[in-house]
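Here's the structure we're looking at; comments come further down.
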Amino acid sequence: MTEESQDAQKAAHLRDARELDAGALRALAHPLRVQIYDILSQFGPQTASSLAEQLGESSGVTSYHLRALAKHSLIREIPDRGTARERWWERPQGAVSMASPDAVKTPAGRAASQVVLAEFYRRRNRQLEDFLARVGRQDPADWSAMLSSATVRMTDAQFEEVAQALDEVISDAANRFRDQEGEGVRPFTIRTDMFPLTDHEESS
């Protein structure tokens with residue numbers, strides 16, 4: 001791939017990213033809805049019944065939240081799959097920003113964004129903890145995982161450079177493998193944690 005085509009792919013990725021407006025953020029700002037949204041993101045199409053089983057809720061509850069998410073185009077029904085009694089839902093493809101500048105200008109928008117982000121990362125952190133609990137007694141060589149942490153000292157400009165490089169790697173993987181199917185294919189979650197430490201944390 002040429003440098004020009006790489007730049008074009010990155011520009012398209014950024015251009016196509018959906019910034020959730022205040023209404024969509026408020027619709028998503030419920031712990032159960034964030035979990036439903038994330039399950040659809042990670043594992044693909046689901047029904048109200050399959051979500052209810054995973055979340056320990058009734059299908060009536062999950063169906064209600066699915067309709068609320070669909071009202072703001074956060075998810076959509078798959079019209080040619082399922083029946084009138086068993087509807088299938090999916091999350092549209094593409095990057096989504098849960099902290100868009102316009103949405104967080106108001107106190108309500110900031111509060112909704114905080115609820116969404118907190119629940120999203122709470123769920124992802126639980127997944128990491130569950131993984132570590134499952135494989136804790138296994139040989140690390142048998143893990144299909146990469147767990148890495150480092151503390152570095154950077155300027156803001158250097159942070160931006162590293163963050164951009166990491167984003168490009170993750171975006172490339174998402175674009176190449178998002179729809180992949182076949183033997184041995186399973187979902188992986190990719191995370192990047194990079195943030196400044198407080199003075200207390202640096203000295204502790």
Review point. When only DSSP loop residues count, what GluC sites (Glu not before Pro) in segment 32-97 have their Cβ near at most 13 other Cβ atoms within 10 Å?
Key: Glu86
Revision key, fill the gap. Note to self: with every protein chain in place and a 1.4 Å probe, the chain gives an accessible area per residue in Å² of 70
Exercise for review: For the chain, with a Gaussian network of springs between Cα atoms less than 10 Å apart, report the residue from Asp38, Asp21, Asp179 with the top mean-square fluctuation.
Suggested key: Asp179
Point to revise | Within the chain: Cβ-based charge dipole about Cα centre, in debye rounded to nearest 20 (Lys, Arg +1; Asp, Glu -1) | key: 1060
Exercise for review: Write down the radius of gyration of segment 59-149 and its Dmax, each obtained from C-alpha positions, in Å.
Suggested key: 18.3, 50
Study note, to complete from the structure: In nanometres, the difference between 0.36 nm per residue of separation and the alpha-carbon distance of Phe43 and Leu197 is 52.1 nm
Review point. For Arg81, Arg26, what's the largest-to-smallest order of accessible area, 1.4 Å probe?
Key: Arg26, Arg81
Exercise for review: Set Lys and Arg Cβ to +1 and Asp and Glu Cβ to -1, take the dipole of the chain about its Cα centre, and tell me which of Trp89, Ser49, Gln158 lies farthest positive.
Suggested key: Ser49
Check your understanding: For the chain, what is the relative contact order in percent, using Cα pairs closer than 8 Å and at least 6 residues apart in sequence?
Key -> 25
Check your understanding: Ignoring any ligand, DNA or RNA, what whole percent of the accessible area of the chain comes from carbon and sulfur when the probe is 1.4 angstrom?
Key -> 50
Revision key, fill the gap. Calculating P(r) over Cα pairs in 10 Å bins from 0, in percent from this structure picks out, from (i) 8, 32, 32, 18, 8, 2, 0; (ii) 7, 26, 35, 24, 7, 1, 0; (iii) 10, 38, 33, 16, 4, 0, entry (ii)
**Study point:** Gaussian network model of the chain, springs between alpha carbon atoms under 10 Å - residue of Met194, Met98, Met146 with greatest fluctuation
**Key:** Met146
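The values are calculated or read from the model by the stated rules, or taken from the named source; none is laboratory data. In this text, all values refer to a predicted model and were calculated from it rather than measured experimentally. A quick note on method: Cβ atoms are made from the backbone with ideal geometry, for glycine too, and the neighbour counts reach across all protein chains shown. Areas reflect the complete protein model, heavy atoms only, side chains present, ligands, DNA and RNA absent. Shrake-Rupley method; radii C 1.70, N 1.55, O 1.52, S 1.80 Å.
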